[in-house]
1. Helix by helix through the chain, keep the DSSP H runs that span 27 Å or more along the axis on Cα and average at least 0.0 on Kyte-Doolittle, and give those back in order.
2. With a 10 Å radius around each residue's Cβ, average the other Cβ atoms per peptide and rank 162-170, 21-29, 328-336, highest first.
3. List the residues, sorted by chain then number, that are 5 or more residues from residue 85 or on another chain and whose placed amide H is less than 5 Å from its amide H.
4. Express in whole angstrom the spacing between the alpha-carbon centres of region 404-453 and region 351-385.
5. If we sort 181-191, 292-302 on the protection proxy, mean other Cβ atoms within 10 Å, highest first, what's the order?
6. Once you treat every alpha carbon in region 272-370 as an equal point and sum by Debye, what is log10 I(q)/I(0) at q = 0.25 Å⁻¹?
7. Of all the C-alpha pairs in the chain, what % are more than 44 Å from each other?
8. What percentages make up the Cα-Cα pair-distance distribution of region 203-343 when the bins are 5 Å wide from 0?
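The numbers here are math on the coordinates, done by the rules we state, and not lab data. Quick caveat: nothing in here was measured; it's all calculated off a predicted structure. Positions of Cβ are backbone-derived with ideal geometry, glycine not excepted, and every protein chain shown enters the neighbour counts.
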Amino acid sequence: MPEYFHRQFLSRFGAAGRVCTCGREHPLGVRDILMGSGALQESARLARSRYPQALIWVLSDENTETAAAAAWKQAAGGRIISRILPRHPRPLPTMELVDSLTGEARAAGPGLIVAVGSGVISDLGKMVSRGIGIPNWSMATAPSVDAYASATAAIRVKGYGRSLPAGITEVIACDLDVIRRAPAVMFLAGLGDLIAKFPAYLDWQLSHLMTGEYYCAEVEEFALLSARTALAAAREREADPDAAASTLMDAALVSSLAMQAVRGSRPASSAEHAIAHFWEMSFAVGREELDLHGILVGAASRLVLGGIRGFYRDLSGFRVDPRRRQEALSREPRWEDRAGDAMRPFWHRMQEEMAGHAFGPGELKQRLEAFERERERISMVAAEAVGELASGVETLQGMSYPFSLDALEVSRDLRFLPVRNIRFLRNRYSTFTLAYELGKEEELASAVINQAV
Ligand SMILES: [Zn+2]
Ligand SMILES: [Zn+2]
């Protein structure tokens, strides 16, 4: 049996009461991860041995029903309720859908929720599970996202994508006979979602150095490993597609466990996710078959790379003029005026993000001092992360990854709006925040836009 990295993660962090070098405990709620050929049947048998009398509520869609759910239900037997979402239109993970599914499930009175599918289906299963307070299991059908074991779900609330607390999945089964039959675009989507760990790593470190935000080096080490493992899967694909599918699945599990360990998406998501989420929620993408979370995250990571590469290269020679920055801050328009009318549909959400954000002369002074103190370490971390992201993008380019915003048919008026508004879309420190503090925000946004493909 191959030595999977997610097993290493579980043995390092799974022990109850272990205090990490970051000073915190990282309790994991996941009990078992079954990975291999036949994991589907194995998990069905396990479900019946752990929940012998229970009614099991199984969520799937028309695609995953054929790929895995029908077989799972047959293997599990006993009392089961099937809920199969349509293939077309593709179900959107809205709060309305969460509420209606939760209502249906609650009325049936199940003892276990089983979600069969990637992304949206597994997120919906976790939300229903939290809503009625019963455990959920997840049957992965594609290595397309890294959210299987995360403690959050990506749900649209009033049209805006949110990362909401969700029920932690107790058992995750990745049947390699199912995973390796997933469409090729799902493999690319997984790669796209995972190369985002390089910019996410950079931004988490950056925030730690600049703002003192909590940071865990042990968890981060695994998040980085997940991105590197994904690239190993990409290189392995031509010679051995089956091995590549299991390597990528392993990588996605490690990244999702890293999120679970810190109870948030910090190790996995930063500015590139804010851009991709904006495109998702504004229905900006014309090519429906490519309108997948991971594909958009990969394209946004490539976009971000175009700007941050030059930004960090030029930073070593950059001299801060604190007086000019303070003057500029005092003349700055309110964020509502800066964001402008095009962003109006998203104001209610940006208001929430900006509400927790106080930034005045005192904060600016602290940040500029932190920058002077940490600039060498920032440069070192950035050189490493930017280099790895660049080589990741290159590897994916060799596989004809759809990076081009034209190929994705991202609507021209929405393409770069999130780039100019990243700070307001998500109150999470990133290179874009540093650029703002140094008075280089416009320069960075323009570089991103000019380098777009
Ligand atoms: Zn830690
Ligand atoms: Zn993601």
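1. 217-236, 241-262, 293-315
2. 162-170, 21-29, 328-336
3. For residue 85, the qualifying residues are 60, 61, 62.
4. 18 Å
5. 292-302, 181-191
6. Results for region 272-370 at q = 0.25 Å⁻¹ read -1.20.
7. Tail of the P(r) past 44 Å holds 11 percent of the pairs.
8. It works out to 2, 8, 10, 14, 18, 18, 12, 8, 5, 2, 1, 0, in whole percents.
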